[in-house]
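A.B. asks: A single structure is presented below for examination.
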Amino acid sequence: MNPPPFAWDDWYAQVGGRSIRVEEVDEYLRKIYQDQYSRFHGEPATRTHAFASAEEASAHLKAQAVEFGADIVGICRIEPSDVYSGRFIRETHAIAVGQRMRWREFQVVPSRESAIECLRVYFTLGETVIRLASYIRSLGYACTIEHPIGDSDLLHIPIGLKAGFGELGRHGSIIHPKLGPLFRMGCVALSLDLAVDHPIDAGIAKFCDACRACRKYCPPGAIPDNRSPEAGKDHLGYDRYVVDTGRCFPYFAKYNYCSICLPVCVYNHKEWARDFEGFETKLFPTVLMPESPPPADLPDVERRHDYPRIKRE
């Protein structure tokens with residue numbers, strides 16, 4: 001059974017409400033929910049542009065996505081397992097886009113700077129998917145925006161894996177061969193004959209099996225020691241790693257959206273952990289590990305996805 005959409009309001013209510021107050025974060029959230037959401041929809045042009053082939057269509061739309069701000073782009077078919085429980089998608093394909101987060105903002109985690117950077121990328125990548133959707137409509141094709149902040153019909157992780165963005169890490173995020181785990185993704189869904197990408201095997205899953213950096217640096221102990229066979233297989237046939245959300249979310253909600261597990265990842269000797277705009281940075285962040293709040297779980301099982309209770313008394 002597919003998981004339900006993440007019930008943000010319910011989870012925050014379970015941990016006593018929203019306690020993080022960062023002015024820049026609040027401003028990005030305002031822009032996303034009040035400005036970007038109002039620009040999600042539009043009518044396609046009456047004349048349809050015909051592509052010579054599926055390959056040409058994919059290459060053209062990928063190039064446009066990069067022009068609109070994407071660092072990585074991939075395409076996959078949408079399957080029923082990619083859709084949240086209770087949601088519906090008519091479109092046949094997804095164009096997945098990803099954008100790198102600035103390494104320099106994760107020099108200390110959790111921190112005000114890392115919280116702002118997460119929301120900055122949600123906003124800027126939101127602009128990318130809105131512009132890409134507008135362009136697709138100008139070619140005469142209807143499409144749907146799946147915003148990177150996560151309030152969507154499609155599950156971003158399966159889409160990203162099928163689109164060739166990388167492999168699923170122990171911490172539950174995709175690790176890209178060049179960007180590492182420090183990126184965010186969104187997508188645009190449409191019905192058009194497109195050449196698709198495929199899952200990659202770059203040895204990342206095997207690396208994660210041997211490395212436990214994210215688990216060691218997870219203050220609430222939410223990241224597992226082992227894979228979960230009961231959670232099913234990923235797109236390469238490996239049992240999935242599943243994070244204990246009941247341990248993770250209270251810490252996430254209290255300490256600047258945490259993000260520790262991303263910058264402490266040491267995949268590929270941290271070749272991805274560089275600042276590309278000339279700022280001086282260190283290779284490993286300063287990790288702040290204040291005491292974790294107690295675990296909290298949603299009482300309504302229909303409102304939460306399945307996850308393990310790691311080392312619960």
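A.B. asks: Looking at the stretch 113-132, can you tell me whether even one residue there is basic (Lys, Arg), in contact (Cβ under 8 Å) with a residue 24 or more places away in the chain and within 25 Å of Arg227 (Cβ to Cβ)?
C.D. replies: No, the stretch 113-132 has no match at all.
A.B. asks: Of all residues in the stretch 18-77, how many are closer than 26 Å to Leu179 by Cα and aliphatic (A, V, I, L, M)?
C.D. replies: Selection size over the stretch 18-77: 13.
A.B. asks: Moving on to the next point. Go through (1) part of a strand (DSSP E or B); (2) under 27 Å from Asp9 (Cβ atoms) one by one and return the number of the condition His305 breaks.
C.D. replies: For His305, the failing item is (1).
A.B. asks: Is the stretch 254-263 home to any residue that is in contact with an Asp or Glu (Cβ under 6 Å, 6 or more places away or on another chain) and charged (D, E, K, R)?
C.D. replies: Looking through the stretch 254-263, none of the residues is in contact with an Asp or Glu (Cβ under 6 Å, 6 or more places away or on another chain) and charged (D, E, K, R).
A.B. asks: Could you identify the single residue in Asn268, Asn226 that is open to solvent by 40 Å² or more (accessible area, probe 1.4 Å), of a type outside the set (Asp, Glu) and in contact with a Gly (Cβ under 9 Å, 6 or more places away or on another chain)?
C.D. replies: Exactly one of Asn268, Asn226 is open to solvent by 40 Å² or more (accessible area, probe 1.4 Å), of a type outside the set (Asp, Glu) and in contact with a Gly (Cβ under 9 Å, 6 or more places away or on another chain), namely Asn268.
A.B. asks: Within the stretch 269-288, restricting attention to residues that are of a type in the set (Asp, Glu) and more than 22 Å from the chain's Cα centre (by Cα), which residue is nearest to Ala210 (Cα to Cα)?
C.D. replies: Step by step, filter the stretch 269-288, then rank; the result is Glu280.
A.B. asks: As an exercise: evaluate Glu91 against (1) touching a Leu at 6+ places or on another chain (Cβ under 7 Å); (2) closer than 24 Å to Glu27 by Cβ and give the number of the one condition it does not meet.
C.D. replies: (2)
A.B. asks: Please indicate, with yes or no, whether at least one residue in the stretch 170-189 is charged (D, E, K, R), buried (at least 21 other Cβ atoms within 10 Å of the Cβ), at pLDDT 95 or above and part of a loop (DSSP other than H, G, I, E, B).
C.D. replies: Yes, some residue in the stretch 170-189 is charged (D, E, K, R), buried (at least 21 other Cβ atoms within 10 Å of the Cβ), at pLDDT 95 or above and part of a loop (DSSP other than H, G, I, E, B).
A.B. asks: So the check is Cβ under 9 Å with 6+ separation or different chains; which pairs have a first residue in the stretch 172-195 that's without any contact (Cβ under 8 Å) to a residue 24 or more places away in the chain and a second one that's among the hydrophobic types (A, V, I, L, M, F, W, C) and part of a loop (DSSP other than H, G, I, E, B)?
C.D. replies: Every condition considered, the pairs that remain are Ile174/Phe165.
A.B. asks: Of the residues in the stretch 242-265, how many are in contact with a strand residue (DSSP E or B) (Cβ under 9 Å, 6 or more places away or on another chain) and either open to solvent by less than 30 Å² (accessible area, probe 1.4 Å) or modelled with pLDDT under 95 (or both)?
C.D. replies: Residues meeting the conditions: 8.
A.B. asks: Taking the criterion of being of a type in the set (Ser, Thr, Tyr) and within 19 Å of Met101 (Cβ to Cβ), would at least one residue in the stretch 129-146 satisfy it?
C.D. replies: No, the stretch 129-146 contains no residue that is of a type in the set (Ser, Thr, Tyr) and within 19 Å of Met101 (Cβ to Cβ).
A.B. asks: Looking at the stretch 60-71, which of its residues are crowded, with 19+ Cβ neighbours inside 10 Å and part of a helix (DSSP H, G or I)?
C.D. replies: Leu61, Lys62, Ala65 - these are the residues of the stretch 60-71 that are crowded, with 19+ Cβ neighbours inside 10 Å and part of a helix (DSSP H, G or I).
A.B. asks: Turning to a different aspect of this structure: Every residue in the stretch 278-289 that is in contact (Cβ under 8 Å) with a residue 24 or more places away in the chain and open to solvent by 50 Å² or more (accessible area, probe 1.4 Å), please.
C.D. replies: Within the stretch 278-289, Phe279, Lys282, Thr286, Leu288, Met289 meet the criteria.
A.B. asks: Scan the stretch 72-101 for residues that are crowded, with 19+ Cβ neighbours inside 10 Å, within 16 Å of the chain's Cα centre (by Cα) and outside any strand (DSSP E or B) and report the count.
C.D. replies: Counting residues in the stretch 72-101 that are crowded, with 19+ Cβ neighbours inside 10 Å, within 16 Å of the chain's Cα centre (by Cα) and outside any strand (DSSP E or B) gives 2.
A.B. asks: Right, something else. Out of Gly221, Gly232, I need the residue that is more than 19 Å from Asn268 (Cβ to Cβ), of a type outside the set (Ser, Thr, Tyr) and modelled with pLDDT of 95 or more. Which one?
C.D. replies: Being more than 19 Å from Asn268 (Cβ to Cβ), of a type outside the set (Ser, Thr, Tyr) and modelled with pLDDT of 95 or more holds for just one of Gly221, Gly232, which is Gly221.
A.B. asks: Additional query: Report, by residue number, each residue of the stretch 112-163 that is out of contact with any Asp or Glu (no Cβ under 6 Å at 6 or more places or on another chain), open to solvent by less than 10 Å² (accessible area, probe 1.4 Å) and among the small types (Gly, Ala, Ser).
C.D. replies: Ala115, Gly126, Ala133, Gly160
A.B. asks: Kindly list, by first and then second residue, each pair from a residue in the stretch 90-104 that is under 27 Å from Phe284 (Cα atoms) to a residue that is basic (Lys, Arg) and part of a strand (DSSP E or B), limited to pairs with Cβ atoms under 9 Å and residues at least 6 apart or on different chains.
C.D. replies: Gly98/Arg184; Gln99/Arg184; Arg100/Arg184; Met101/Arg184
The values are calculated or read from the model by the stated rules, or taken from the named source; none is laboratory data. Remember, it's a predicted structure, so these values are computed and weren't measured experimentally. Neighbour counts are summed over all protein chains in view; Cβ atoms, including those assigned to glycine, are modelled from backbone coordinates with ideal geometry. Just so you know, the surface numbers come from the protein's heavy atoms only, side chains and all, with ligands and any DNA or RNA stripped out. Shrake-Rupley method; radii C 1.70, N 1.55, O 1.52, S 1.80 Å.
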